[in-house]
Amino acid sequence: MSARDPDCPLCREDGGDLLWQGPHLRVIEVPDADYPGFTRVIWNAHIPEMTSLSTHGRELLMRAVYAVEQAQRDILAPDKVNLASLGNMVPHLHWHIIPRWRGDRHFPDAVWAPPRVAPGAEPPDWHARQSRIQQLLPRYRNRLAEAMNALLWH
């Protein structure tokens, strides 16, 4: 299997706002106003499935996913964190790490489901929470970079 596929969007571009990159994987922030802190961990080489990786590669990838989840929990304090590795639309190995709050547009459904709350129909506390989360994002990004750099030494 080739390291890059010219038809794959995750081979051609970062896949979001690049927060950290190492030799095997990268961490990006998904620009989604409804889900600030939505992050993806993307394997750099074009590999479709977890079992296509070596044991070491699988462990490295999952340690990165866990580091992102922990940074979200520590800094953003979501009610729940969703982890997903689908790849149906883009068969390039990547994980979604999505901080979730009760009352977000889709809660308790997946973010890909039809929204339960339409834009403009948000409860009053939704806007205050979104503003608080936006203010926390720089700290989250810094913590995430520290955690990812620490992975290189373990």
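The values are calculated or read from the model by the stated rules, or taken from the named source; none is laboratory data. Nothing here was measured: the structure is a model prediction, and the numbers come from that model. Cβ sites come from the backbone with ideal geometry, for glycine too, and all protein chains shown count toward neighbours. To get the accessible areas, we keep the full protein, side chains included, count just its heavy atoms, and leave off ligands, DNA and RNA. Shrake-Rupley method; radii C 1.70, N 1.55, O 1.52, S 1.80 Å.
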Residue match in segment 98-109 (condition: under 27 Å from L25 (Cβ atoms), out of contact with any Pro (no Cβ under 9 Å at 6 or more places or on another chain) and surrounded by fewer than 14 Cβ atoms within 10 Å (Cβ to Cβ)): no
Among A84, A71, A33, which is the only one that is aliphatic (A, V, I, L, M) and loosely packed, with under 14 Cβ neighbours inside 10 Å? A33
Is there a residue in segment 18-30 that is more than 27 Å from N142 (Cβ to Cβ) and either among the aromatic types (F, W, Y) or open to solvent by 20 Å² or more (accessible area, probe 1.4 Å) (or both)? no
Any idea how many residues of segment 1-49 are among the small types (G, A, S) and closer than 26 Å to R100 by Cβ? 4
Can you name the residue in segment 37-58 that is over 10 Å from the mean Cα position of the chain (by Cα) and either under 18 Å from A145 (Cα atoms) or among the acidic types (D, E) (or both) and, of all such residues, is surrounded by the most Cβ atoms within 10 Å (Cβ to Cβ)? W43
Right, D74: in a loop (DSSP other than H, G, I, E, B) and either of a type in the set (D, E, K, R) or modelled with pLDDT of 95 or more (or both) or not? no
Subset of segment 87-97 [over 14 Å from the mean Cα position of the chain (by Cα) and open to solvent by 30 Å² or more (accessible area, probe 1.4 Å)]: N88, M89, V90, P91
